[in-house]
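Trainee: Okay, here's the structure, questions in a sec.
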Amino acid sequence: MGTPCHFALFELKPSFRVDLDQLATRYRELARGVHPDRFADASEREQRLALEHSASLNDAYQTLKNAPKRARYLLAMGGNEVALEVTVHDPEFLLQQMQWREELEDLQDEADLAGVEVFKRRLKVAQEELNESFAACWDDAAQREQAERLMRRMQFLDKLSYEVRQLEERLDD
Amino acid sequence: MALLQIAEPGQSPQPHQRRLAVGIDLGTTNSLVAALRSGLSEPLADAAGHVILPSAVRYHADRIEVGQSAKAAAASDPFNTVLSVKRLMGRGLSDVKQLGEQLPYRFVGGESHMPFIDTVQGPKSPVEVSADILKVLRQRAEEALGGELVGAVITVPAYFDDAQRQATKDAARLAGLNVLRLLNEPTAAAVAYGLDQNAEGVVAIYDLGGGTFDISILRLTGGVFEVLATGGDTALGGDDFDHAIASWIVSEAGLSADLDPSVQRSLLQVACAAKEALTDAESVEVAYGDWRATLTRQAFDAQIESMLARSLKACRRAVRDAGIELEEVEAVVMVGGSTRVPRVRDAVGELFGRTPLTEIDPDQVVAIGAAIQADTLAGNKRDGEELLLLDVIPLSLGLETMGGLMEKVIPRNTTIPVARAQDFTTYKDGQSAMMIHVLQGERELISDCRSLARFELRGIPAMVAGAAKIRVTFQVDADGLLSVAARELASGIESSIQVKPSYGLTDGEIARMLKDSFQYASDDKVARVLREQQVDAERLLEAVQGALEADGERLLDADERMVIDLQMQELRELMKGTDGPAIEQQTKRLSQVTDAFAARRLDSTVKAALAGRNLNEIDE
């Protein structure tokens, strides 16, 4: 569809550090202009265009709002598509992944709700640290490999926090 | 905010310009229609002054009875009287059997998998029964407002899946209503409350109706209603409370569990009356035949405790999905007649740590909100201050992959409209076709998800396994309805469908029903078709005229403008006559010549939104 750059759509300079409140405000302004509700009495063609514009605006917003998605998008912007599934050589992190997962399994076995809370807080701190590291190196070509590694770590933690939510749901009976 | 309009009640300040649109709450037990009158959204009453129309339809050999009198006949004529039809919408025969044996109807199979109810007027699908309710509301609205409706916003439970939404839209179509939007019930309630109180911040809408339960978490910011998460249960409601009391009577009175339909119906009536009495009284005398006993509120609370717990669990999940903490919820709104049960109010209040809001009648609030949105969608507000509702899909959408697993393409609580693509490949050498199986649900196994549709992409050129690249695109529109397209990227072979749910009506069935309804209506079919063509033409002319006035100067050069003016002139000429096909043809032509203009206008709205922001930034 030849979509314009997500950052340009929100008139932002490509950067990992994004003011989320500001992003949300701009999203609402733009959504006001293109949402299909504005075209409920317009021609079919206009309705279809509004649908397409709104869908791509929503997609852009979701991408920029979520840290790992934003990171992946930034890395891909230079034309270097980052493969979705690759065998990652990151032994240090691999070890940590296994530790996180084991802990999560223990929490499930013991149905330890207080433990889940502590786990969530630690996870959040780890995510913030990763974000900081990524922000410091993503636009340095010399550190490209490191940036990709950090982005994959972010993705893993994102998935892990989803699993924590699922665990909370299972424990909530 | 809109300026206060000074006019006598029932007297519109601009009688020729206001476009009549209504909000309809098509509920499990009760239905309502509301409209904006003199700037105020209010439910419309029937000739006897009743606002609520019980969702009950009784079929006689020669006529159809809808509402209170039909409901009253439920016990005496159980096979021809349909209650709570909403529970059957978008469901298959096997789902219906799971709803329990309480349903007294005689079901027959149709061309589709939909359960048809056998009545004296022949088999009736849930869609037709719903359409019969909608027709009554439409007529009521046209009489009260004094004119033909431009369209209606119909509300649906937020947790309705694609099949249930499609069924609702089909019912409206059958009732001759132009659906401006399917709107989620909790979102509609939020509109009614948000406008009333000029609220900002995070609110939770707890909506327990007759047969469905919804919880939505919204963020309200300057007229934008953003749904953060939604959840619920489409088979949980006040009807279940009645059933609980009825089973209590059955066991206490020592009745046989195998009851005939009319006994079932009268037991439920007794149960419902007891439930309602317990809203104010601490205990109530229950009698059935010679048997009598006392039901205390405490005992009733215990009977409904597990259902209530289910709803609270859904609330906690929605809060987690919204990515917030319970404490961040600043207001809780109660919607639906079942929230009158004191235990429900207390339990919800305890969970959120604040007293729930009940100022607007919980039976009317959804229709009131829907009417406000209908008025906006009909184009009666063009002051840049319109509300904006950003809703989400309630359940994940995905595809069947190898091993009977569901692969999610769009996760639940994604803001709509949304379009997402996923690439797949062939797994056999020379594979020439691929089955696309569309699913909705949260579970991993496809057998635990709802099957929405299956279709086949054929004509894939012969390639080795894994070489073909098949892109499947999901698109969900603002009504929450899905369409799916599949394309092989190398060859460009394409196949797409508007998802017709497995439990929806077939096109043949819809055609038959439309034909039947034309025959029932006394007006001439040809005249009706012509009227529809005229309405379409009028709508387009108005839309183009409005667009030209707003942006014609700016976005069109003289030649382009002339072409559009000529085609409009031509259509206006044809409108004076009665040549339907010619009007239709010319409407299409006008639509074509305004295509490019439409695209330019949309692009310029985006630019305008950006420009507006720049100004603000300079001010800072």
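The values are calculated or read from the model by the stated rules, or taken from the named source; none is laboratory data. Fair warning: this is a prediction, and the values are worked out from it, not measured in the lab. Glycine gets a Cβ as well: all are built from the backbone with ideal geometry, and neighbour counts include every protein chain shown. Surface areas here come from the heavy atoms of the whole protein model, side chains and all, with no ligands, DNA or RNA. Shrake-Rupley method; radii C 1.70, N 1.55, O 1.52, S 1.80 Å.
Trainee: Answer rounded, prolate or oblate for segment B:57-188, using the Cα gyration tensor with square roots of eigenvalues a ≥ b ≥ c: rounded when a/c is under 1.5, else prolate when a/b is larger than b/c, else oblate.
Mentor: In terms of gyration-tensor shape, oblate.
Trainee: Okay, moving on. Considering the dipole of the protein assembly as shown built from charges on the beta carbon (Lys and Arg +1, Asp and Glu -1) around the Cα centre, which of B:Asn380, B:Leu32, B:Met463 is farthest to its positive end?
Mentor: B:Met463
Trainee: Carbon-plus-sulfur fraction of the accessible area of chain B, 1.4 Å probe, in percent?
Mentor: The C+S portion of the solvent-accessible surface of chain B is 50 percent.
Trainee: If you don't mind, there's one more thing I want to ask. Using only DSSP helix segments of four residues or longer, with each worth -39500 (n - 2.57), what per-residue ellipticity at 222 nm results for chain B after dividing by its residue count and rounding to 500? Please report the intermediate quantities before stating the final value.
Mentor: Details: 15 runs with 240 residues, N = 620.
The helix-only estimate for chain B comes to -13000 deg cm²/dmol at 222 nm.
Trainee: Rounded, prolate or oblate: which fits chain A, taking a ≥ b ≥ c as square roots of the Cα gyration tensor eigenvalues, rounded meaning a/c under 1.5, else prolate when a/b beats b/c? Before the final figure, lay out the partial values.
Mentor: Working: a/c = 2.49, a/b = 1.48, b/c = 1.68.
Oblate, because a/c is 1.5 or more while a/b does not exceed b/c.
Trainee: Within a 10 angstrom radius of each residue's Cβ in B:405-418, how many Cβ atoms of other chains show up on average? Whole number is fine. Could the numbers behind the result be given before it?
Mentor: Values: counts 0, 0, 0, 0, 0, 0, 1, 0, 0, 3, 9, 5, 13, 7.
What the average comes to for B:405-418 is 3.
Trainee: Take the Cβ-Cβ distance between B:Ala596 and B:Lys469 as r, set R0 to 25 Å, and report the resulting FRET efficiency rounded to the nearest 0.05. The partial results should precede the final answer.
Mentor: Values: r = 32 Å, r/R0 = 1.30.
In this case the efficiency is close to 0.15.
Trainee: In Å², nearest 100, what accessible area do chains B and A bury in total when the solvent probe is 1.4 Å? Could you put the intermediate results ahead of the total?
Mentor: On the way: alone 28950 and 11700 Å², together 36530 Å².
About 4100 Å² of accessible surface is lost on pairing.
Trainee: So how strong a dipole does chain B carry about its Cα centre when Lys and Arg Cβ are +1 and Asp and Glu Cβ are -1, to the nearest 20 debye?
Mentor: Working: 63 positive and 91 negative charges, 245 e Å.
Dipole about the Cα centre, nearest 20: 1180 debye.
Trainee: With a sphere of radius 12 Å drawn around the Cβ of B:Asp301, what net charge do the other residues whose Cβ falls strictly inside it have (Lys, Arg +1; Asp, Glu -1)? Each step should come with its number before you reach the end.
Mentor: Numbers: positive: B:Lys275, B:Arg297, B:Arg343, B:Arg345; negative: B:Glu282, B:Glu305, B:Asp346.
Result for the neighbourhood of B:Asp301: +1.
Trainee: Rounded to the nearest whole Å², what accessible area per residue is found for the protein assembly as shown with the 1.4 Å probe? Walk me through the numbers on the way to the answer.
Mentor: On the way: 36530 Å² over 793 residues.
Solvent-accessible surface per residue comes out at 46 Å².
Trainee: Straight-line reach from A:Lys159: which lysines fall under 24 Å, measuring Cα to Cα and dropping same-chain residues less than 8 apart?
Mentor: A:Lys65, A:Lys69, A:Lys120, A:Lys124, B:Lys313, B:Lys408
Trainee: What does the average come to when, for each residue of peptide B:592-601, you count the partner chain Cβ atoms lying within 10 Å of its Cβ?
Mentor: Numbers: counts 2, 0, 4, 5, 1, 3, 10, 4, 0, 4.
Across the residues of B:592-601, the mean count of other-chain Cβ atoms within 10 Å is 3.
Trainee: So which residues in segment A:126-171 end up with at least 40 square angstrom less accessible surface once the other protein chains are there, compared with the chain by itself, probe 1.4 angstrom?
Mentor: By number: A:Arg165, A:Glu169.
Trainee: Here is a further query. Please average, across the residues of B:320-327, the number of beta carbons from any other chain that are within 10 Å of each residue's own beta carbon, and give a whole number.
Mentor: On the way: counts 6, 2, 0, 2, 0, 0, 0, 0.
Partner-chain Cβ atoms within 10 Å, mean over residues of B:320-327: 1.
Trainee: Let me ask something else about it. Near B:Thr358, within a Cβ-to-Cβ distance under 10 Å, what is the net charge of the other residues, with Lys and Arg +1 and Asp and Glu -1? Intermediate values should be presented prior to the final figure.
Mentor: Working: positive: B:Arg340, B:Arg345; negative: B:Glu359, B:Asp361.
Taking every Cβ under 10 Å from that of B:Thr358, the sum is 0.
Trainee: Counting only protein heavy atoms and using a 1.4 Å probe, what share of the accessible area of chain A belongs to carbon plus sulfur, as a whole percent? Before the final figure, lay out each step's value.
Mentor: Working: 4750 of 9630 Å².
About 49 percent, which is the carbon plus sulfur part of the accessible surface.
Trainee: Follow-up. In segment B:348-433, which trypsin sites (Lys or Arg not before Pro) fall in coil by DSSP and have 11 or fewer other Cβ atoms within 10 Å? Before the final figure, lay out each step's value.
Mentor: On the way: sites: B:Arg354, B:Lys381, B:Arg382, B:Lys408, B:Arg412, B:Arg420, B:Lys428; in loops: B:Arg354, B:Lys381, B:Arg382, B:Arg412, B:Lys428.
Passing both the DSSP loop test and the Cβ count: B:Arg382, B:Lys428.
Trainee: If a/c stays under 1.5 just call it rounded; otherwise compare a/b with b/c (prolate if a/b is bigger, oblate if not). Do that for chain B, with a ≥ b ≥ c from the square roots of the Cα gyration tensor eigenvalues.
Mentor: Numbers: a/c = 1.43, a/b = 1.30, b/c = 1.10.
Because its axes are fairly even, with a/c under 1.5, chain B counts as rounded.
Trainee: Which one, A:Val116, B:Ile215, B:Val57, is farthest towards the positive end of the dipole of the protein assembly as shown when Lys and Arg carry +1 and Asp and Glu -1 on their Cβ?
Mentor: Going by the charge dipole, the pick is B:Val57.
Trainee: To the nearest 10 square angstrom, what accessible area does B:Val563 show with a 1.4 Å probe?
Mentor: Surface accessible to solvent at B:Val563 totals approximately 70 Å².
Trainee: If you take every DSSP beta bridge fully contained in the protein assembly as shown, what fraction is antiparallel? Give it as a percent rounded to 5.
Mentor: On the way: 82 of 101 bridges.
If we restrict to bridges inside the protein assembly as shown, about 80 percent are antiparallel.
Trainee: So, one more: What lysines could a cross-link reach from B:Lys275, if we take a straight Cα to Cα line under 22 Å and drop same-chain neighbours fewer than 8 places away?
Mentor: Correct list for B:Lys275: B:Lys71, B:Lys86.
Trainee: Give a residue-ordered list of calculated ³J(HN,Hα) values for segment B:441-451 (Karplus: 6.51 cos²θ - 1.76 cosθ + 1.60, θ = phi - 60°; whole Hz; x for Gly, Pro).
Mentor: Calculated HN-Hα couplings, in order: x, 9, 7, 7, 7, 5, 5, 9, 9, 8, 7 Hz.
Trainee: Based on the Cβ-Cβ distance from B:Glu200 to B:Arg310, what FRET efficiency comes out when R0 is 51 Å, to the nearest 0.05? Spell out each step's value before the answer.
Mentor: Working: r = 31 Å, r/R0 = 0.61.
After rounding, the FRET efficiency stands at 0.95.
Trainee: In addition: Just to be sure I understand the interface: list residues from segment B:287-314 that lose 30 Å² or more of accessible area between the chain on its own and the complete protein assembly, 1.4 Å probe.
Mentor: B:Lys313
Trainee: Mind putting a number on the dipole of segment A:31-132 about its Cα centre? Charges go on the C-beta only, +1 for Lys and Arg and -1 for Asp and Glu, and I need it in Debye to the nearest 20.
Mentor: Details: 13 positive and 21 negative charges, 147 e Å.
The dipole magnitude comes to about 700 debye.
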